[in-house]
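This is the structure I want to talk about, given as structure tokens.
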Amino acid sequence: MHLNAPTYGEQAMKPEEPFIKVEHLTKIFHPAKKRSLGLPGRKNGPPGFVAVDDVSFQVEQGQIFVIMGLSGSGKSTIIRMLNRLIDASDGSISVDGKDVRSLPPAELRDYRNRTINMVFQHFGLFPHKSLVHNVDFGLKVRGMDRETREQRAAEALELVGLGDRIHAMPDQLSGGMKQRVGLARALATDAEILLMDEPFSALDPLIRKDMQELLIKLQRNFKKTIVFVTHDLNEAMYLGDRIMVMKQGKIVQSGTALDLLEAPADPYIEKFVAEVDRSKVLTAGMLAEHHDPSPASRTSSGSFPDGAMPVSDTTFLNDLLPIFATGAGSVNVVNQQGSSLGHVTAEKVFEALSPKGFSNAS
Ligand SMILES: Nc1ncnc2c1ncn2[C@@H]1O[C@H](COP(=O)(O)OP(=O)(O)O)[C@@H](O)[C@H]1O
Ligand SMILES: [Mg+2]
């Protein structure tokens, strides 16, 4: 390949570095050092445990990047190296052009305060503060003026369905509502990057689904760059623009939900994929972007000549089925701004819903 040849079409237009760029990241945990007992360290001691093994990935601004894998596969270690709660053993981490591993203490503090925020599983609320002041707290710390931060907090609370209760106190809320406030607070901060380490794993399934939907909704508004860790492939596929699957510290496969479903890289991923409900994970937008990136068949007004029914890009395939049941041959997938992303045919949908190998079994 030519040294200057762009690998992706987007890179040709955007020559700058990816927002987060991780290369050959490695973490070796060494057993407790003898030195702490005043003894000299052994030269030929145990080699240490490789928790993260030569991991490289990139995250674009505004993406939800999911790290997925079973317990012990190194997910938390990766995410903690990104904000240097854990120091890497080898490799490089660049965020917005900064070399994270070599930030001096003052810059590291600034990076943790302003650029990258870790969201914890238990969104503890301040019991003596109203909802709006729980949410605007993170902004106050950063010196934003009162009016702006309260407006931003109210906007976030509106998005999670608590717009009429911004002056309520936390003890007036149910557990599920408190979770919503916590999520609103996480997304309303002005840190550009959010690190979320299995934030919903302890929730019961209904609240969990609710939180996943709210995260997408908040993300559309606040447009963070999110690194999200989960051991649940359904969650990974629902949330992730890209998914990186880990096993024993190594990357097994990296791609979109559709990439993983259509071409699982190994039996480990096949096993996960077999348990996924495709109809409730894949969206019209995923198929439109995947199969019809060129708007060649559009008229100048942006509509399709055959008047296919417009559907939102977030529509699950499950919800397209009734449309096709009426005899429609395709739908016109439109994004939030109302522009067409392309056609999705019934055939494409049925193909995407069939497990790999079903349609081309020999
Ligand atoms: N401080 C540590 N010292 C030694 N081993 C560790 C330490 N932290 C994590 N590990 C080991 O590294 C591996 C990866 O851990 P972790 O990143 O927490 O996995 P995950 O988040 O995917 O469950 C595990 O085998 C874990 O036991
Ligand atoms: Mg973990």
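The values are calculated or read from the model by the stated rules, or taken from the named source; none is laboratory data. No experiment lies behind these values; they were computed from the predicted model shown. Quick reminder, even Gly has a Cβ in these numbers, built from the backbone with ideal geometry, and neighbours come from all protein chains shown. These accessible areas exclude ligands, DNA and RNA; they are computed on the full protein's heavy atoms, side chains included. Shrake-Rupley method; radii C 1.70, N 1.55, O 1.52, S 1.80 Å.
Does K223 qualify as being open to solvent by 30 Å² or more (accessible area, probe 1.4 Å), in contact with a Gly (Cβ under 6 Å, 6 or more places away or on another chain) and more than 16 Å from ligand 2 (Cβ to nearest atom)? Before the answer, list the steps.
Values: open to solvent by 30 Å² or more (accessible area, probe 1.4 Å): yes; in contact with a Gly (Cβ under 6 Å, 6 or more places away or on another chain): yes; more than 16 Å from ligand 2 (Cβ to nearest atom): yes.
When the stated conditions are applied, K223 passes them.
Of the residues P127, P105, only one is closer than 28 Å to L203 by Cβ and more than 16 Å from ligand 2 (Cβ to nearest atom); which? So that I can check it myself, show each step before the final result.
Details: P105 fails: closer than 28 Å to L203 by Cβ.
Every option except P127 fails the conditions.
Return a yes/no flag: does region 198-217 have any residue that is surrounded by fewer than 17 Cβ atoms within 10 Å (Cβ to Cβ), over 21 Å from T283 (Cα atoms) and of a type in the set (A, V, I, L, M).
Yes: region 198-217 contains one or more residues that are surrounded by fewer than 17 Cβ atoms within 10 Å (Cβ to Cβ), over 21 Å from T283 (Cα atoms) and of a type in the set (A, V, I, L, M).
Quickly run through region 128-163 and pick out the residues that are within 23 Å of the chain's Cα centre (by Cα), without any contact (Cβ under 8 Å) to a residue 60 or more places away in the chain and open to solvent by less than 70 Å² (accessible area, probe 1.4 Å).
Of the residues in region 128-163, the ones within 23 Å of the chain's Cα centre (by Cα) are 135, 138-139, 152-153, 155-161.
Retained after the next criterion (residues that are without any contact (Cβ under 8 Å) to a residue 60 or more places away in the chain): 135, 138-139, 152-153, 157-158, 160-161.
The answer is V135, G138, L139, R152, A153, L157, V160, G161.
Another question about this same structure. Considering region 90-106 alone, what residues qualify as being within 16 Å of ligand 1 (Cβ to nearest atom) and surrounded by fewer than 17 Cβ atoms within 10 Å (Cβ to Cβ)? Break it down stepwise before answering.
Taking region 90-106 as the starting set, the residues that turn out to be within 16 Å of ligand 1 (Cβ to nearest atom) are 90-91, 93.
Selection gives D90 alone.
Looking at (1) open to solvent by 40 Å² or more (accessible area, probe 1.4 Å); (2) more than 16 Å from ligand 1 (Cβ to nearest atom), which is the only condition H231 fails?
Unmet for H231, out of (1) open to solvent by 40 Å² or more (accessible area, probe 1.4 Å); (2) more than 16 Å from ligand 1 (Cβ to nearest atom): (2).
Tally time: how many residues in region 164-189 are surrounded by fewer than 16 Cβ atoms within 10 Å (Cβ to Cβ) and closer than 30 Å to Q61 by Cα?
Residues meeting the conditions: 1.
Find the helices (runs of 4 or more DSSP H) located wholly in region 205-285 whose residues include 1 or more that are farther than 21 Å from I79 by Cα and in the same structural domain as D96 (by TED's automatic domain parsing), and list them. Talk me through it step by step, then tell me what you get.
Working: elements: 205-222, 233-239, 257-262, 267-274.
Those helices (runs of 4 or more DSSP H) span 205-222, 257-262, 267-274.
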